Amino acid sequence: MAKVVVDLAHPFSAEIPRWPYFDKPEIVGAHTMAKGGVLTQRITCTMHTGTHCDAPRHVMEYEFDGKRARYTHEMPADAYAGEAIVFKIDIEPWGLITDKHLDACMKKYGLKDGDLKGKILCLNTGMHRLFDDSKAYYHYAAGTGIDAGKWFVKQGVKCVAMDSQALDHPLHTAMGNNGMTRMNLLGATGYPITEEYKQLFGEEAYAEFDKFEYIRIHGKEAYEKKFGELEDLGIWGTWEPCHKEMLGHGIVGVENLGGDLDRIREGKWFEFHCYPIRWYMGDGSMAHPVAYVNEEDVDMSVPERTYKYCGTGYGDPEGNGDSCLEYMQRLFNRK
């Protein structure tokens, strides 16, 4: 049976969109054709830039088995490679992906508990079409949380590849009121994004992302029932809980999945190949995932993805991108 190779990476450059507090990649030409007859370049950047892999040590001191969290070089060579399937998630802008969305996909594709054990799950939320230096892609992405993380553990997947800014919803990260920096970034309306979310979805919905709001609204017992596994390790429960549930149980992640993801038909099995550099004591690594897909499971009517970074062309029809402005209008219900 003929296979088609599908590229699943966003191309890297010095202008690649990056997470709000990451450094800009610096690319320096060490040698040039005109001067030295060869081209060599030096790259300086955070290894979690663009399409990349996460290792447990990225977010954990200890895994749930009590052992020190593993570095990149300690993960199996095939930790990010193997048999895979795409779940197409129907989610509203800025929505929180839960076990209910994932269960709906299982039913839709005729899967049962155990079918994903040892497999790789690729989530297509549509966010990859918005990949750019934009509020739409970073502030207002759909994403996962504690319930999805527990679901991945229950199903026994070995890797989850997300097509958005991170494994977790942005309000579970330092873009909101979590983490070391607790940026609580300014939103499109002039309010901090935490306040915008409350205005759009209500205080109870927002409490999912804020430890102290969750305890205030639902009580300490309810918080411990939901986030207690993380808190028992000395971890702030609402700070990137999906990352920590996954990585703490040895389930690795790939973030910013992109390229021609839309060409792979949902619910079909294929070979996923993604390999970080064998970085001793690494926390993760930029990587280039590709898929080997049965010919009949590839939708060649989807145009090949082209890229114009940093506000110079996202949403161009010929680029198969979506309009960040239209996404924002859908979110805030503006015409």
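Each reported figure results from applying straightforward, stated rules to the coordinates on display, with no laboratory input. This structure is a prediction, so every number in the text was calculated from the model and none was measured. When we count neighbours, we look across all protein chains shown, and the Cβ atoms used for this are built from the backbone with ideal geometry, even at glycine.
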Can you name the residue in segment 146-168 that is out of contact with any helix residue (DSSP H, G or I) (no Cβ under 7 Å at 6 or more places or on another chain) and of a type outside the set (S, T, N, Q) and, of all such residues, is nearest to V252 (Cα to Cα)?
C159
Among (1) among the acidic types (D, E); (2) exposed (fewer than 15 other Cβ atoms within 10 Å of the Cβ); (3) under 30 Å from N124 (Cβ atoms), which single condition is D54 missing?
(2)
I need the full set of residues from segment 186-200 which are in contact with a strand residue (DSSP E or B) (Cβ under 9 Å, 6 or more places away or on another chain) and either under 14 Å from G95 (Cα atoms) or buried (at least 19 other Cβ atoms within 10 Å of the Cβ) (or both), in order please.
I193
Criterion (over 23 Å from H273 (Cα atoms), touching a residue at least 12 places away in the same chain (Cβ under 8 Å) and among the aliphatic types (A, V, I, L, M)) met by exactly one of A174, A166, A161
A174
Hits in segment 147-162 - residues which are more than 14 Å from the chain's Cα centre (by Cα) and β-branched (V, I, T):
V153, V157
Among (1) part of a loop (DSSP other than H, G, I, E, B); (2) free of Cβ contacts under 8 Å to residues at least 40 places away in the same chain - the single one M1 does not satisfy:
(2)
